[in-house]
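The values are calculated or read from the model by the stated rules, or taken from the named source; none is laboratory data. The structure presented is a predicted model; accordingly, all values stated were derived computationally and were not measured. No Cβ is skipped: glycine too gets one built from the backbone with ideal geometry, and neighbour counts run over all protein chains shown. In case anyone asks, the SASA skips ligands and DNA or RNA and just uses the protein heavy atoms, side chains included. Shrake-Rupley method; radii C 1.70, N 1.55, O 1.52, S 1.80 Å.
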Amino acid sequence: MDASGIATDCTPVRYERQGRTGIITVNQPPVNALGQAVRAGLLRALALGQADGEADLLVLLAAGRTFMAGADIREFGQAPLVPFLSDVVAALEASPKPVIAVLHGTALGGGLEVALGCHFRVALPGTRLGLPEVKLGLLPGAGGTQRLPRLVGPAKALEMIVSGDPVTAAAALDIGLVDWLAAEPDPLAAGLAFAKRVRAKGLMPRRTGARGDRIAAVSPLLFSAARDDLARKSPHLFAPHRCVDAVEAACTLPLAEGLKRERELFLACMNSPQRAGLIHSFFAERAVAKVPGLAADATPRPVHRVGVIGAGTMGGGIAMCFANAHIPTVLLDTTQEALDRGLATIRRNYQASVAKGRLRQEEADARLTLIRPSLAYDDLADADLVVEAVFESMDLKKQIFTRLDQVCRPGAILATNTSTLDVDAIAAVTSRPQDVAGLHFFSPANVMRLLEVVRGRETAPDVLATAMDVARRIGKVGVAVGVCYGFVGNRMLHQRAREATALVDEGAAPDQVDRVLTDFGFPMGPFAMGDLAGLDVGWRIREERRKAGDPDTPPPGWLDRLAEQGRYGQKTGAGIYRYEAGSRTPLPDPVTADLIARDRAAKGITPRAVTNQEILERCLYVMVNEAAKILEEGVAARALDVDMIWVHGYGFPPWRGGPLFWADQVGLGTILGTITKFHQASGAKQWQPSPLLERLVRDGHGFASLN
Ligand code: T1G
């Protein structure tokens, strides 16, 4: 009990009074998520505030780095716990005493809905406000779809709720979402200052739910246009369409019925497999940063200066990653012409961002100055980390690492961006294999979020910790993997590509295979992807592997014939598909169909009709089987690591959670049965069922048991 004689501790929510202002403080680290204890604490603290005869108004704020950042996502999928958040919001709105919410950090989801139930809203500098529920396969379920339109109008509300993107404090003031931008950085000082204003003006509670002016006579065209837009942009997603339904209800129903409609739509989203997939992706993306078995005392080494070798597409993109994180970077190549070309590409990329309003000119210029071109290895002498990004030649990489070993200071980390080659073999040419790792970026390196962090046999724990920390600093989803051909992502991709090509050999058309995978939710299918990456890339790798006598690499087929004719894909205007001038839309090409037919004839294959279901099973189940083998070998530590590699590196639909989360939803017994059938029919190695998969099925477990 404090001096005021008021019970002050409703942990994790506290009530106290300063003068005539009741203060409700939420304190539930790390983000003040609105779990059951916080919701119950809020109701108790609110009741204390109402009962406190000395308090004529209330201020609601949060301790720590942010106002409430939403409902507690960990509660989802479990039996709902009272009090419901919507009841807390309703109680705040019904308060006879004015309630002022003071927002700082990230006022998101249920946190912003709590603020919408308050009568006034104050934002501190730097605050971001949003309703990101749609990104979790949900919609604002505590009145946000009904109150936000009443405050900012249905058009702005639709934009915020359907996109899930936050707005800045200044933008929130502009649209009427907040009433005042506080100057001071302290929530309590801001709240007390605004309370004085409310008192001075004699303002009474302004209940958002009671407002009707902004939702009167809204044209139905607003919602039909939103639905048309969604049909084009995200036909697969369930939640965004429900968001439109909910906001439409705000404009067509009284509040009580609108809230009921919102609840129905929220539960429909909660029960959708897409919600499960997106929430798995949310937590998995954070879990991958915690590498199992990495000693807690493995402290990252300081990385203040970086070197990148190779000013080509990958090297230039990688240099941009570091410059974007304000890390000075030396970009090294062998000729001035290569450097000039690389810098010109980087400059073009930055200017394109400026032109799209994504980057201020001065920021683009500052980043460009952080990239210093060089022809001299000596310029890498004081680098803390060097990333080699030259083309896939083991001989060349060994030469480079031999040179780096001579030039770089002791303790510098030497990383290779190889996508398939043996990191241990590269490390072995140096006197410091413990300082060598793989940093496998994905093209375009400055855009794709995935970074496979490859730990070699001798990579030191603190080197792995440093690489994971660098991934975080440059905004990547770093996933630790072991050494094998193709590591995790490309090893699985290789199996999918082989099945896709075999399906065409047997009678499917490339565009049929691609359409099955885009209908599944991939942004593009394997053949359109091949045309984008360049058919010459795979062709050269297959040629190298044929020369090395690899039994796994099939003799040249129609894909090789296309590359031999210089049909590399988009970059040459034709590959598997043809492309009209200036267009990137893949169009079936009779030249390819003819090559396929001739190739089948040469192999004695009579083409057959291939079903879409067979295409889906053969392309995806072969990946699941390969992933199980990868887990068995310890090349990936957890199923969620594999999921995040595919979601962030290969466009696996995030609402499906990743290949292994999806496999659990399909049912491992079903998948194993089909794999066994394919193995019996073909005897092919890739269809040999993984013993791990067989064990999971036998024990009645899913891949989730390996997280
Ligand atoms: N619930 C539970 N845990 C959460 C959480 C949440 N809402 N948000 C973050 N965490 C955990 C996270 O897992 C991590 O845990 C730690 O907090 C730090 O997070 C009814 C239904 C707020 C911008 O979608 O966007 O409200 O790994 O690493 O980079 O209508 O977290 O340390 O163990 O991300 O500084 C809506 C989700 C929920 C916001 C901070 N709200 N969170 O980013 O830290 S649904 C959201 C974020 C809802 C209502 C609906 C970010 C952040 P650990 P972090 P950060």
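Give region 651-707 a look and list any residue that's under 21 Å from the mean Cα position of the chain (by Cα) and among the acidic types (Asp, Glu), or say none. Walk me through how you get there before you give the answer.
From region 651-707, those under 21 Å from the mean Cα position of the chain (by Cα) are 651-665, 703-704, 707; that's our starting set.
Listed by number, the list holds a single entry, Asp664.
Scan region 244-260 and give yes if some residue there is within 16 Å of the ligand (Cβ to nearest atom), of a type in the set (Val, Ile, Thr) and under 30 Å from Cys321 (Cβ atoms), otherwise no. Looking through region 244-260, none of the residues is within 16 Å of the ligand (Cβ to nearest atom), of a type in the set (Val, Ile, Thr) and under 30 Å from Cys321 (Cβ atoms). Would you mind stating whether Val454 is in a strand (DSSP E or B) and touching a residue at least 60 places away in the same chain (Cβ under 8 Å)? Here the answer is no, as Val454 does not meet what is asked. Being assigned to a loop (DSSP other than H, G, I, E, B) and either in contact with a Gly (Cβ under 6 Å, 6 or more places away or on another chain) or over 30 Å from Ala289 (Cβ atoms) (or both) is a property that holds for Ala609. Among the numbered conditions (1) of a type in the set (A, V, I, L, M, F, W, C); (2) at pLDDT below 95; (3) open to solvent by less than 10 Å² (accessible area, probe 1.4 Å), the only one that Val447 does not meet is (3).
Being in contact with a strand residue (DSSP E or B) (Cβ under 7 Å, 6 or more places away or on another chain) and surrounded by fewer than 19 Cβ atoms within 10 Å (Cβ to Cβ) is the filter here, so list the residues in region 450-481 that pass it.
Of everything in region 450-481, just one residue is in contact with a strand residue (DSSP E or B) (Cβ under 7 Å, 6 or more places away or on another chain) and surrounded by fewer than 19 Cβ atoms within 10 Å (Cβ to Cβ), namely Arg472.
Looking across Gly475, Gly438, Gly489, one residue alone is modelled with pLDDT of 95 or more and at positive phi. It is Gly475. Of all residues in region 280-312, those being within 16 Å of the ligand (Cβ to nearest atom), open to solvent by 50 Å² or more (accessible area, probe 1.4 Å) and part of a loop (DSSP other than H, G, I, E, B) number 4.
Within region 510-552, track down each residue that is open to solvent by 40 Å² or more (accessible area, probe 1.4 Å), more than 20 Å from Gln686 (Cα to Cα) and part of a loop (DSSP other than H, G, I, E, B). Within region 510-552, Pro523, Met524, Ala548 meet the criteria. Residues of region 15-40 that are open to solvent by less than 10 Å² (accessible area, probe 1.4 Å) and away from the ligand (no atom under 16 Å from the Cβ): Tyr15, Thr21, Gly22, Ile23, Ile24. With respect to (1) modelled with pLDDT under 95; (2) more than 20 Å from Gly143 (Cβ to Cβ), the lone exception for Ala193 is condition (1).
Hey, could you check region 46-101 for residues that are among the small types (Gly, Ala, Ser) and open to solvent by 50 Å² or more (accessible area, probe 1.4 Å) and say which is farthest from Gln18 (Cα to Cα)? Explain how you work it out, then say what you get.
Start the filter on region 46-101 by keeping residues that are among the small types (Gly, Ala, Ser), which leaves 47, 49, 51, 53, 55, 62-64, 69-71, 77, 79, 86, 90-91, 94-95, 101.
Add one more test, that the residue is open to solvent by 50 Å² or more (accessible area, probe 1.4 Å), and what stays is 47, 51, 53, 64, 77, 79, 94.
Working: Ala47: 17, Ala51: 15, Gly53: 13, Gly64: 20, Gly77: 40, Ala79: 39, Ala94: 23 Å.
Among residues in region 46-101 that are among the small types (Gly, Ala, Ser) and open to solvent by 50 Å² or more (accessible area, probe 1.4 Å), the one farthest from Gln18 (Cα to Cα) is Gly77.
Of all residues in region 70-85, those that are on the phi < 0 side of the Ramachandran plot have Cβ atoms under 7 Å from Cβ atoms of residues that are near the ligand (Cβ under 8 Å from one of its atoms) and assigned to a loop (DSSP other than H, G, I, E, B), 6 or more apart or on another chain, in Ala71/Ala33; Ala71/Gly109; Asp72/Ala33; Asp72/Gly35; Glu75/Gly35; Leu85/Ala142. For the residues Thr106, Thr127, the requirement of being of a type in the set (Val, Ile, Thr), surrounded by fewer than 24 Cβ atoms within 10 Å (Cβ to Cβ), in the same structural domain as Ala217 (by TED's automatic domain parsing) and within 14 Å of the ligand (Cβ to nearest atom) singles out Thr106. Considering Ala364, Ala389, Ala355, Ala383, the condition of being among the small types (Gly, Ala, Ser) and open to solvent by 30 Å² or more (accessible area, probe 1.4 Å) is satisfied by Ala355 alone.
When you go through Val99, Val88, Val114, Val82 one by one, which is the residue that is in contact with a helix residue (DSSP H, G or I) (Cβ under 7 Å, 6 or more places away or on another chain) and more than 12 Å from the ligand (Cβ to nearest atom)? Spell out how you get there, then give the answer.
Numbers: Val88 fails: more than 12 Å from the ligand (Cβ to nearest atom); Val114 fails: more than 12 Å from the ligand (Cβ to nearest atom); Val82 fails: in contact with a helix residue (DSSP H, G or I) (Cβ under 7 Å, 6 or more places away or on another chain).
The unique qualifying residue is Val99.
Against the list (1) within 10 Å of the ligand (Cβ to nearest atom); (2) β-branched (Val, Ile, Thr); (3) modelled with pLDDT of 95 or more, the condition Ile73 fails is (3).
Return the total of residues in region 666-686 being open to solvent by less than 10 Å² (accessible area, probe 1.4 Å) and closer than 16 Å to Leu503 by Cα. Adding up the residues that qualify gives 1.
Candidates in region 401-422 are the residues that are open to solvent by less than 10 Å² (accessible area, probe 1.4 Å) and under 21 Å from Thr313 (Cα atoms); of these, the one that is modelled with the lowest pLDDT is Thr418.
Of all the residues that make up region 426-440, how many are among the hydrophobic types (A, V, I, L, M, F, W, C) and either closer than 18 Å to Ala636 by Cβ or open to solvent by 30 Å² or more (accessible area, probe 1.4 Å) (or both)? Number of matching residues: 4. Beta carbons closer than 7 Å, at least 6 apart along the sequence or on distinct chains, pair a first residue in region 343-354 that is under 12 Å from Met320 (Cβ atoms) with a second that is polar (S, T, N, Q) and open to solvent by 30 Å² or more (accessible area, probe 1.4 Å) for Asn349/Asn446. Entry remark, region 586-606: residues being open to solvent by 60 Å² or more (accessible area, probe 1.4 Å), assigned to a loop (DSSP other than H, G, I, E, B) and of a type outside the set (Gly, Ala, Ser) number 1 in total. How many residues does region 130-139 contain that are open to solvent by less than 10 Å² (accessible area, probe 1.4 Å) and in contact with a strand residue (DSSP E or B) (Cβ under 6 Å, 6 or more places away or on another chain)? Looking only at that region, the number is 1. Contact map, region 193-211: residues that are closer than 14 Å to Ala182 by Cβ paired with residues that are outside any loop (DSSP other than H, G, I, E, B) and not β-branched (Val, Ile, Thr), Cβ distance under 8 Å, separation 6+ or inter-chain. Pairs shown: Phe194/Phe120; Phe194/Trp180; Ala195/Leu57; Arg197/Trp180; Val198/Leu57; Val198/Phe120. Going residue by residue through region 132-150, is there one that turns out to be modelled with pLDDT of 95 or more and more than 14 Å from the ligand (Cβ to nearest atom)? Yes, some residue in region 132-150 is modelled with pLDDT of 95 or more and more than 14 Å from the ligand (Cβ to nearest atom). A search for C-beta distances below 8 Å between a residue of region 172-192 that is open to solvent by 50 Å² or more (accessible area, probe 1.4 Å) and any residue that is modelled with pLDDT under 95, counting only pairs 6+ apart in sequence or on different chains, returns Leu181/Pro125; Ala183/Pro125; Pro185/Pro125.
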